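For reference, the structure discussed in these notes is given below.
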Amino acid sequence: MKNITVIGTGYVGLVSGAGISDFGHAVSCVDIDESKIASLKNGDIPIYEQGLESLVKRNVVAKRLSFSSDVPNAIEAADVVFIAVGTPQDENGNADISAVLKVAETIGLSLNGYKVICTKSTVPIGTGRKVIEAIKENSDASVSFDYVSNPEFLREGAAVRDFTHPDRVVIGAESQKAFDFMKDVYHPLYVNETPVIHTNIETAEMIKYASNAFLALKISYINEIANVCEEVGADVFKVAQAMGLDGRISPKFLHPGPGYGGSCFPKDTKALASQAEAAGVPLKTIQGAIDANSHQHSRMVDKLRILLDGSFEGKTIAVLGLSFKPGTDDVRESPSISMITALLNESASVQAYDPVSNENMTKFFSNISYKNSVYDAVKDADAAVIMTDWNEFRSMDIPRIKSLMKTPIFLDTRNILNTSELEDTGIVYDNVGRKRRTDS
Ligand code: UDX
């Protein structure tokens, strides 16, 4: 059993801290945001993530998990310190690592004996060396530490399961002692024979970026194939299905849609492309994926405009789904944002509904009408657009929707509706890469 301190109680820090406490370690999750810590102590979980609340509760009751805003004290008590603070995107597309370096300074100042300092935040390659320097500059030379890069691969909506059942654990550690500490932290995963990849620091940092950028590339690829399918009369559903049966390709991340969003893919692809460019080895494939993604967002707007005979002016549009994907209330970089922005810019009014994200979207748009159900959202609408593949939208009562709408026009950017049913109900519809019906 180790004493662990996790600095940063955002998405990554909270899930990782709770997950590590569930592995049997004593974990202190700390944050300089005192109000956040106060609500966590109260049992309030600031994010919507399946399974997180019960995971936290279970480990708090077992006294393995605690919360504190006394960062220096928590560092002093720890064998392993995880850095899990944010690395937002700056105006040039680079990751801003100032919060990581500030934490490194605090760690240096609080270093009272050997510890493993481990970064979980997604950071540009080379950040580990800067963290080591910042700790050294602020600590007593007689106290030793090791640095480890241990990137996370948590999907929002499935983060708890991803933490406890990962496909692999990456440990960028350059001393055997540090590697052994990390093996101890992840002991239950060792027992389950989860593959552990032991690398140097830079390789671990690169694995995270290369993995996320590859998935983003895969999505942009199938989106572009879908767009071509529309022009040549092919069905992307079947294309993706058949491609996915090739073991070398795999069926995952081959679902065409309105373009990826969220807190990771948009930021990580840009950060990697920007770092590669600066290093003199531009990543043309990743730059292509980024461009294709932004084109895909605007292509959805164009599709809807075409369905409405070329203009949104004075029209009422039902936007179904606001989060960037189902299972989360996160709306960051959601394709629904570019859709709503275009609709408002072109003088449409928006009636939006999301099962869990209405409130979060009010931070972006206060001038749209938020509804409590699909049926309220489509009432008197000139068209409806599905932006998120929530299961609830798969089982909508299509005839009822048709009777509520002013004109029965649907854009299904997630390809979740049954095209035969739409056809039979007399709905004008379009989707991504499949058969469409654009005249009434
Ligand atoms: C991602 C990575 O999957 C995770 O490993 C990483 O550490 C954090 O970033 P996340 O952003 O939570 O996780 O979502 P993910 O499920 O990967 O989806 C990202 C975006 O791609 C969403 O907008 C989703 O709708 C879109 N997507 C995904 C598609 O459009 N098609 C697909 O086939 C898969």
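Quick notes on this structure:
- Every condition in (1) at pLDDT below 95; (2) surrounded by 15 or more Cβ atoms within 10 Å (Cβ to Cβ) is met by ILE4 except one, and the failing one is (1).
- Applying the criterion of at least 2 residues that are without any contact (Cβ under 8 Å) to a residue 24 or more places away in the chain, away from the ligand (no atom under 16 Å from the Cβ) and among the aliphatic types (A, V, I, L, M) to the strands (runs of 3 or more DSSP E) found wholly in segment 303-390 leaves an empty list.
- Among the residues of segment 288-346, those that are surrounded by fewer than 19 Cβ atoms within 10 Å (Cβ to Cβ) and among the β-branched types (Val, Ile, Thr) comprise ILE306, THR341.
- Residue in segment 138-148 that is of a type in the set (Val, Ile, Thr), in contact with a helix residue (DSSP H, G or I) (Cβ under 7 Å, 6 or more places away or on another chain) and more than 13 Å from the ligand (Cβ to nearest atom) present: yes
- For segment 185-271, the helices (runs of 4 or more DSSP H) that sit wholly inside it and include 3 or more residues that are away from the ligand (no atom under 14 Å from the Cβ) are 187-191, 201-232.
- Search result, residues across segment 113-147 that are loosely packed, with under 14 Cβ neighbours inside 10 Å and closer than 18 Å to ILE4 by Cα: GLY113, TYR114, SER144
- The one condition in (1) surrounded by 15 or more Cβ atoms within 10 Å (Cβ to Cβ); (2) not in a helix (DSSP H, G or I) that VAL281 fails to fulfil: (1)
- Look at (1) at pLDDT 95 or above; (2) assigned by TED's automatic domain parsing to the domain that holds VAL116; (3) within 30 Å of TYR48 (Cβ to Cβ) and you find that ASN192 fails only one, number (1).
- Figure legend. Inter-residue proximity from segment 147-173: first residues farther than 18 Å from ASN212 by Cβ, second residues outside any strand (DSSP E or B) and β-branched (Val, Ile, Thr), beta-carbon distance below 7 Å, spacing 6+ or different chains. Indicated pairs: TYR147/VAL131; TYR147/ILE132; TYR147/ILE201; VAL160/VAL15.
- Output for segment 238-273, where each listed residue is more than 16 Å from SER211 (Cα to Cα) and either of a type in the set (S, T, N, Q) or at pLDDT below 95 (or both): GLN241
The values are calculated or read from the model by the stated rules, or taken from the named source; none is laboratory data. The structure presented is a predicted model; accordingly, all values stated were derived computationally and were not measured. So basically every Cβ, Gly included, is an ideal-geometry build from the backbone, and we count neighbours across all protein chains shown.
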